[in-house]
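Student: One structure is given below, represented as structure tokens, and several questions about it will come after.
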Amino acid sequence: MATTLMTLVRRTAVPGLAAGALAGVLVACGGGSGNSNGGSTSSSPDQSGKPGTSQVDVKLVDFKMELSQSTVKAGDHTFVVKNDGQHDHAMEIEGQGTEMKTQTLSPGESANLTVTLKDGKYEVYCPVDHHKDLGMKTELTVGGSASPSSDTNTNQGNGY
């Protein structure tokens, strides 16, 4: 009887415990892909799992771009980009030898873009169609002390 009971425990409990432990590790790690190529998702974007990386929230609307911070320190930053507009949009950051962008996001979609930034000024804009010319642009300053954005909307939009 004892041998049968031990065999039963090994066959049922051990695999269940192993699966539970694996699930706990995956939950603790966040399970995010950390896709720096601008992968999109319609759910809430994952926080960056990279130590020392700060987050800058970017809201894209028709035809404005809002950053949660207009000044950041040099280093790694994850831009959490959300298209809250009615048209397709994307975010591109350019300056100091850096030029990276998200994929084009449909209304409601989000993407994360992790970039290493050096001191200097960067232009942040929507590269879709002529949205940059319609006011979907702002400036990001890297260096000094990080500060929240006071008003990064350079234009109130042309209304759509």
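Student: Residue 79's amide H: which non-local residues (gap 5+, or another chain) put their own amide H closer than 5 Å, with H modeled 1.01 Å from N in plane and none for Pro or chain starts?
Tutor: 56, 113, 114, 115
Student: Another one. Could you give the length gained by full extension between residue 118 and residue 73, i.e. 0.36 nm per residue of separation minus their alpha carbon distance, to one decimal place? Mind showing how you got there, number by number?
Tutor: Details: separation 45, 0.36 × 45 = 16.20 nm, distance 0.83 nm.
Net length gain for the segment: 15.4 nm.
Student: Can you list residues whose amide H is under 5 Å from residue 73's amide H, if they're 5+ apart or on another chain and H is modeled 1.01 Å from N?
Tutor: 143, 146
Student: Points 7 angstrom from Cα along the Cβ direction at residue 103 and residue 88: gap in nanometres?
Tutor: Computed distance between label sites residue 103 and residue 88 equals 1.2 nm.
Read-outs throughout are calculated quantities, based only on the coordinates presented, and are distinct from any laboratory measurement. A quick note: this is a predicted structure, and the numbers were derived from the prediction, not measured. We place every Cβ from the backbone using ideal geometry, glycine too, and count neighbours over all the protein chains shown.
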